[in-house]
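Here the structure comes first, spelled out in structure tokens, and everything after it is commentary.
The values are calculated or read from the model by the stated rules, or taken from the named source; none is laboratory data. Every value quoted in this text rests on a predicted model; they were computed, and no experiment measured them. Every residue, glycine among them, receives a Cβ derived from its backbone with ideal geometry; neighbour counts consider all protein chains shown. Quick note on the areas: whole protein, heavy atoms, side chains included, nothing else; ligands and nucleic acids left out. Shrake-Rupley method; radii C 1.70, N 1.55, O 1.52, S 1.80 Å.
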Amino acid sequence: MDFYYGMAQLIGVHTLLGLSAYVVLLTGQVSMAQAGFFAIGAYLAGMLTVLAGWHIVPAMLLAAVASALVATVVGFPALRVKGLMLVVATLAFGEAVRIFWFNFDYQIAKGNIQVGPLGGEGFKQIRYFPENGWSTADVAVFIWAWVIAAMIALWWMDRSRVGSVLRAVGEDELAAQSVGINLTAVKVSAMGIGGFIAGLGGAIYAHYTTHIEHLNFGVVLATFAIAYPILGGLSSVIGVLIAVIFIQGFLVEVLRFMGDWRNLLFGALIVLAMNVRPDGLFDARATRTLKRLFGRQDA
Amino acid sequence: MKRLLTIAAAVGVAMSVGTAADAADRTVKIAGFGAMSGVVRSFGINTDAVLRAAAKAINDAGGVKLADGSMAPIEVSFDDDRCNAEEGISVVRRIASSDAVVGVGPTCSNVAEPLFGILQAKAGDEGDSGLQFPIFTDTAIKGGLAKISEWAFRNVPNESQMYKSLFEWLATQHPDAKSVYGGVEEDFAHSRFTWYKVMKTRSADVGYEVKGESKWLLNDTNFTTQVREMKRAGADIIAISAHPFTTCGVLKEMARQRVKYKVLVGLTSSSSLETLNGCAKQAEGIIIPTSFAPVNPDAVAAADAAAALGGSADLHSAAAWEIMMILKDVIEAAGIQATADSVEADRRAIRDGLASLKTTKGLLGEIQRTDEGEAVKPYVYVHAADGSWAVLHDPNA
Amino acid sequence: MSDFWWQVIDSVQSVLDGMMFGSIYALIGIGFTLIFGVMHRINLAYAAASIGGAYASLAAFQLLSAPAIVVFLCAAAASGVIGYLVYICCFRFIPTEMPLATLMASVGMLILIDEVVVHATAGMPEPYPAMFDDVMIDLDPFWVRGDLLMIFALSVIAMLILLYVLYRTRLGIATRAVAQQPSAAQLCGIGQERTNAATFVITGALGGLAGAMVGASVGILSPLLALPLTVKGLIVTVIGGLGSIPGAIVAGILVGGFENVFQYFRGVTERDIYVMLLLFVFLTFRPQGLFGRISTRD
């Protein structure tokens, strides 16, 4: 059973990562910076529970708020560019965050070992869950409480006027602006919300793996962050969950029986999925709202 | 929603792991895992082949003796963790949910470190809900990992000791060499650790003047600046702590810039086929301490058995062979039952057995075990000569 | 000589080395920019396909022990074929109004190409032939690596050929027409799909050459090369200005020199931060890049 709880934890963490990119994608921005926000959440929450001895919940919240602030700050310059420029700008930002943690050392003695982030050697012994006797099932429930809260919040937001505003910006900025929508406010808040959720996800991730290092938060993770909403479809938050299950559950675990072919199928099936269902695995309609945004570079 | 549930159910069924063991024909299940994809794929291929070869050797000789005196065959499996922390954790949870009694792996230190973190730190500690499953590591070599958990054991060489004695030996062989200069793959945890905490400090202990180090990254391609620094330093000994890809890149650049040195020292992990495949000509003469070389009949037999199953025995995968032989002895001494109901007790018995070992047999001679679950293995110095690894000196001979 | 002068000489030497190596970034950047110019899409599998082509050409090297220049041409040919496959798998059948789907498909293709290479070679580094790698041109106090100079020259020749194709052949005219006004081009009888496919083959061949140049300059090939080249190639594309070939060339050489200079002064761990900063400076003060135009289409 432990294995399924473990999978549930993993899927939960990645769903948060996917949801963070989902919010930003709704406004038509492809952000490759989510792995960077995820890293900020992971390192800060880890430092708070391990070095400062905090309870995990306040540690997560503070880490998420910090991520959200950074994301908001990044959101402003990001307004200047879109399309490929935005992809590359956010990619560069995410990489810069990673390199920051690569150069970051802060260790204190705890018992007979030194703990804390140590640059290229990583940050180990983030063992809040096992040290406090949480079982795998407890952790899975804990993680899913956050995931469900985030999904419900986004679901509600999608249904409310806020969602329509986000999607309006995603569909046609000029039209949205002409009906009085403040583009800056909308895009920056989307980045902020995305940063908050990514921060939460990162905070859990650090405690899930117990050891983090900068290489975990590279371009590959950033790509997965945007892969989830794109693969799942942008029509609703369920799409993200479906895509996470498709990648982490199906492609990684279920295909194990294929042996060596599993790794080849991983990329091939993503290609196939996009050819067969270009508008996402789950409910197609909404991706249309993003048409032309990516392919075109407006003045 | 109905569709969603159907998908979830399908995924659940497909992911299900076998738990039933037939009492009539009992087998001892040992689960190997490591990297089978990405740039470290060759490590996984080798370990997998060696595990199967060792299991075959044990089974051909009758198998392992269980608590009730019956003999049971060993069954090995191998899972790919893609050298990825999350996938490694999933793989170990999956193995721990099956009736495997012990895990052998992983390949990468960046998987081993989180993996040992999810294990129970102190065996029998009720307050610690970490996983209770013994893991015996063959490859992941970054210093000092096994102390993270009492369920973690490693049979990897102790680099600190190997390089100390290598530098001492070099001092006797090359009395005119006075200084050391390093080259380090700065963003890879193991290489970094080995330069700063092992090569640099150990060579200074022996009395060498350390003139500094050049740094590069794991996937760098341009080493002109670093090699120029190296050349300018003009040290007698150049020690490169990097994996085969950048080791070769740097060696080729050193040849271009005609860097002069008296002795070239490499990282343990680079004493593999990969380095010779990439740059045999430039690597000529590089000296590396390693815990495996086919220097005696046992070692040759192990290497041949692995080759027959499509793998090559090097310092990493040969450790997996030793692990299988150690596990056989531990299992027989601990007297496990290998039934569906005894899995937890069997695992605990194997852990306790491993923890109480003071010495074990190894392919190159006796291996000392430390209280922290680490090994102190016999080693030899090899050097690249005419495109293959040859033993340069055996400190134990 | 005093330390100060050594530093001056070393930093100038670093810039020189970096700029020559930057010609590889330029080749990758041209590929991204050309595909973007014609289809207004990013092909993230581009750098992986380039390395894949270089790997394929290893067959010519290992089985036939062909001379280096033939191996390089094989890499270009193989990469052209891979480029066509990428077009078929990721762009041909996905509706043009779904740019995110093509983006993701090309990511899948990147993963697939990398994994095929890993399966074929067990992930081991493979030696790659070079030309003039034992030549060192001594210009006291500087020196120039013969192989890098050759790479630089080959890259320049490849770019000149490309510019000739684009501006002096019918295919080039068609390509530029589709880039500027796809619907009008179609009205003039220019097949959009054929032009798109041709663009992928041409850029693929160029990328294969870049992959071969990387292999030649390092002396070995590894699947590790694909991702960093993708990132650097994208940065070069943006700094040069989307769709601008001269921009990609200048930006590639600029980024190469820039990163080496910061590696020299600030160390390898911080080097890439400064490359990112350079990018941010461009995005803030010159978002259209070096030679980009503000608006391109419609």
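This table checks each residue for (1) assigned to a helix (DSSP H, G or I); (2) open to solvent by less than 10 Å² (accessible area, probe 1.4 Å); (3) at pLDDT below 85; (4) closer than 25 Å to B:Thr275 by Cβ.
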site: B:Thr19; (1), (2), (3), (4): no, no, yes, no
site: B:Ala24; (1), (2), (3), (4): no, no, yes, no
site: B:Lys29; (1), (2), (3), (4): no, no, no, no
site: B:Met36; (1), (2), (3), (4): no, no, no, yes
site: B:Ile45; (1), (2), (3), (4): yes, no, no, yes
site: B:Leu51; (1), (2), (3), (4): yes, yes, no, yes
site: B:Lys56; (1), (2), (3), (4): yes, no, no, no
site: B:Asn59; (1), (2), (3), (4): yes, no, no, no
Members of the stretch B:205-233 found to be free of Cβ contacts under 8 Å to residues at least 24 places away in the same chain and more than 24 Å from B:Asn277 (Cβ to Cβ), listed by number: B:Thr225, B:Glu229, B:Arg232
Residue satisfying condition, being within 14 Å of chain A (Cβ to nearest Cβ), at pLDDT 85 or above and either assigned to a helix (DSSP H, G or I) or open to solvent by less than 50 Å² (accessible area, probe 1.4 Å) (or both), within set C:Leu149, C:Leu103, C:Leu160: C:Leu103
Qualifying positions in the stretch A:263-285 - at the interface with another protein chain (Cβ under 7 Å from one of its Cβ atoms) and part of a helix (DSSP H, G or I): A:Asn263, A:Leu264, A:Phe266, A:Gly267, A:Ala268, A:Ile270, A:Val271, A:Met274, A:Asn275
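Matching residues to (1) part of a helix (DSSP H, G or I); (2) more than 12 Å from chain C (Cβ to nearest Cβ); (3) in contact (Cβ under 8 Å) with a residue 60 or more places away in the chain:
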{"residue": "A:Val30", "(1), (2), (3)": "no, no, yes"}
{"residue": "A:Phe38", "(1), (2), (3)": "yes, yes, yes"}
{"residue": "A:Gly41", "(1), (2), (3)": "yes, yes, yes"}
{"residue": "A:Ala45", "(1), (2), (3)": "yes, yes, yes"}
{"residue": "A:Ala52", "(1), (2), (3)": "no, yes, no"}
{"residue": "A:Val57", "(1), (2), (3)": "yes, yes, no"}
{"residue": "A:Ala63", "(1), (2), (3)": "yes, yes, yes"}
{"residue": "A:Ser67", "(1), (2), (3)": "yes, yes, yes"}
{"residue": "A:Met85", "(1), (2), (3)": "yes, no, yes"}
Entirely in the stretch A:101-209, the helices (runs of 4 or more DSSP H) that have 3 or more residues that are touching a residue at least 24 places away in the same chain (Cβ under 8 Å), within 14 Å of chain B (Cβ to nearest Cβ) and out of contact with any His (no Cβ under 6 Å at 6 or more places or on another chain): A:136-159, A:183-209
Evaluation of C:Asp134 against (1) acidic (Asp, Glu); (2) closer than 25 Å to C:Leu64 by Cβ; (3) away from chain B (no Cβ under 11 Å) (one fails), failing number: (3)
Near pairs, Cβ below 8 angstrom, 6+ apart or cross-chain, from the stretch B:329-341 (within 16 Å of B:Pro73 (Cβ to Cβ)) to any residue that is of a type in the set (Ser, Thr, Tyr) and not in a loop (DSSP other than H, G, I, E, B): B:Ile336/B:Ser342
Qualifying residue in the stretch C:189-200 (condition: within 25 Å of the chain's Cα centre (by Cα) and open to solvent by 70 Å² or more (accessible area, probe 1.4 Å)): yes
Entirely in the stretch B:64-181, the helices (runs of 4 or more DSSP H) that have 3 or more residues that are within 14 Å of another protein chain (Cβ to nearest Cβ), closer than 25 Å to B:Asn46 by Cα and touching a residue at least 12 places away in the same chain (Cβ under 8 Å): B:85-97, B:109-118
Count of the stretch B:157-206 residues which are over 13 Å from B:Gly266 (Cα atoms), more than 22 Å from the chain's Cα centre (by Cα) and open to solvent by less than 20 Å² (accessible area, probe 1.4 Å): 4
Filter result for C:Leu85 (surrounded by fewer than 24 Cβ atoms within 10 Å (Cβ to Cβ), within 14 Å of chain A (Cβ to nearest Cβ) and either closer than 29 Å to C:Asp17 by Cα or without any contact (Cβ under 8 Å) to a residue 60 or more places away in the chain (or both)): yes
Selection from the stretch B:99-128 of residues that are open to solvent by 10 Å² or more (accessible area, probe 1.4 Å) and under 15 Å from B:Arg348 (Cα atoms): B:Asp99, B:Ala121, B:Lys122, B:Ala123, B:Gly124, B:Asp125, B:Glu126
Selection within the stretch C:1-60 - modelled with pLDDT of 90 or more and not in a helix (DSSP H, G or I): C:Asn43, C:Leu44, C:Ala45
Counted residues, the stretch A:213-225 - those being open to solvent by less than 10 Å² (accessible area, probe 1.4 Å) and more than 8 Å from every other protein chain (Cβ to nearest Cβ): 3
Strands (runs of 3 or more DSSP E) contained in the stretch B:342-397 and holding at least 1 residues farther than 24 Å from B:Ala283 by Cβ, open to solvent by 20 Å² or more (accessible area, probe 1.4 Å) and of a type in the set (Ser, Thr, Tyr): none
Residue match in the stretch B:290-313 (condition: open to solvent by less than 20 Å² (accessible area, probe 1.4 Å), touching a Pro at 6+ places or on another chain (Cβ under 8 Å) and farther than 30 Å from B:Phe153 by Cα): no
Candidate set from the stretch B:262-280 (those that are under 20 Å from the mean Cα position of the chain (by Cα) and open to solvent by less than 10 Å² (accessible area, probe 1.4 Å)); member that is farthest from the other protein chains (Cβ to nearest Cβ): B:Val265
